Structures are given as structure tokens and as C-alpha cells.
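Note sheet for the following structure.
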Amino acid sequence: MGELIVVRHGQTEWSLTGQHAGRTDVPLTAAGEAAARALAPRLAGRRLAAVFSSPLSRALRTAELAGLTDAKPDPDLVEWDYGGYEGLSAEQIRATRPGWDLWRDGVIPGDADHPGERLDQVAARTDAALSRIRPLLSEGDVAVVAHGHLARILTVRWLGLPPSESRLLGHPHPGTLSFLTTEDDQPVISAWNVP
């Protein structure tokens, strides 16, 4: 069985400042492009059965620069819709909502472009993506180019855990790889947040 390779897109201005970038299409910085290019040698020797990407340009550009030129855009891999918290940092949110925790408290509704999503809605999207990915792993590795919170949710769903357990995983840094596989027929994380 192949590995599920989870690629976090490269750095953007918003990831650099800690702003929540859900559906806003923020481009990669020069450093983000360089980090994406640096992933290419690590991915070059892999026998990839399929490559999927969030449809947002920061993920598609990361895929392209990492040598994953045949990435298929998958709307189920777009980042969490942060609603009214789009563009804000956790510190800015906590200034008006002390003690706020994304995993426990979620988001507030936003405008028409950012209505917001509940955690269980994001998990349902990752479950749908995983249902398409799992059969392909019998043919080789599958790469997914996505976003930080989405990657955490996808990983805990891979492990069969409730989506709220995503809080237990460190936030993957931009331009990093994580590897999910099975061991003795049980889903495991074989590596996390690898530059």
C-alpha cells in the first residue's frame, strides 16, 4: 500500500502574519515559492497514483513548483471557511473573544463570500476526499496539496479520530510534507511536518 503524502502549501503573506486564510486566494511569497521548489527532489522518486490539490492558487502553485504538475483540483480540499474570522489572527480574535479556541468554539458567520463552516462540515469534506483517495493507495502513493487546518483534520480522520482531536497535532509549517500510511492494517502517521 502506498503512502498518503500531505503537502502544506508554501508561505503566503497571511501565513507569515498568522492571519486566517480560508477561502481568500492569497498568493505565495517568494519564500513560499522557494520552499515549494525545495519539495520537488523529495517527491521526484515517488510512484504517484494520483495528485489532488485544493483549487486555491497557493496550493496549485505549490503543486506545480514541487513537480506535481498533474494535480487535480478538488473542492473538498479547500481550507476551512473561517467566516467572520477570515483575515484575522488568533490574537485579534481573542481581543474581542477572550479564551477563543478554533477547535472548541469554531467561527462566526461572515459575508456572502465567507459564510463560515462548522468543524463537522470540514470533516465531512475530508471524509469525502479520503473515500476517493483510499482505493488509489493500492496503486502507489497519493499526494494531496492543501492547507494547515485542513491537513490536520484530514489526518485525524485518516486515523479514525473525531475531528476535534485535530487540536492535538501541531500546525504544519508552510511548504512541509506529512506522511500517512498503515501499519499492521492500522492507520498511522509515519512523519509529520517535514521540511
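Quick note: the coordinates plus some simple rules give every number you see, no bench work behind them. The shown structure was predicted, so the numbers you read here are calculated from the model rather than taken from an experiment. For neighbour counting, all protein chains shown are included, and Cβ atoms are generated from backbone atoms with ideal geometry for every residue, glycine included.
Restricting the trypsin sites (Lys or Arg not before Pro) of region 65-157 to loop positions (DSSP other than H, G, I, E, B) with no more than 16 neighbouring Cβ atoms within 10 Å leaves 118.
Near residue 191, the amide H atoms lying under 5 Å from its own belong to 179; only residues 5 or more places off or on other chains count, and H is placed 1.01 Å from N. Under the simplified labelling scheme, the residue 124-residue 112 pair shows an inter-label distance of 2.3 nm, with each label point 7 Å from Cα along Cα→Cβ. In sequence order, region 150-159 has phi-based couplings of 4, 4, 5, 5, 4, 5, 5, 5, 4, 6 Hz under the Karplus curve 6.51 cos²θ - 1.76 cosθ + 1.60, θ = phi - 60°, and Gly or Pro positions carry x.
Shown in residue order for region 130-145 are the 3J(HN,Hα) couplings computed by the Karplus curve 6.51 cos²θ - 1.76 cosθ + 1.60 at θ = phi - 60°: 4, 5, 7, 7, 3, x, 6, 5, 6, 9, x, 6, 10, 9, 10, 9 Hz (x for Gly and Pro). For region 4-194, the C-alpha radius of gyration divided by 2.2 N^0.38 Å, with N the number of residues, is 0.98.
Beta bridges assigned by DSSP with both partners in the chain are antiparallel in approximately 50 percent of cases. Residues whose amide H comes within less than 5 Å of that of residue 182, counting only those at least five positions distant or on another chain, are 188 (H built at 1.01 Å from N in the peptide plane). Taken along the Cα-to-beta-carbon direction at a fixed 7 Å, the label points for residue 168 and residue 193 span 1.6 nm. Amide hydrogen proximity for residue 52: with H placed 1.01 Å from N in the peptide plane, the residues at 5 or more positions away or on another chain lying under 5 Å are 72, 143, 144, 145. Sequentially through region 89-105, phi angles give Karplus couplings (6.51, -1.76, 1.60; θ = phi - 60°) of 8, 4, 5, 5, 5, 5, 5, 9, 9, x, x, 4, 9, 3, 5, 8, 9 Hz, Gly and Pro residues having no value and appearing as x.
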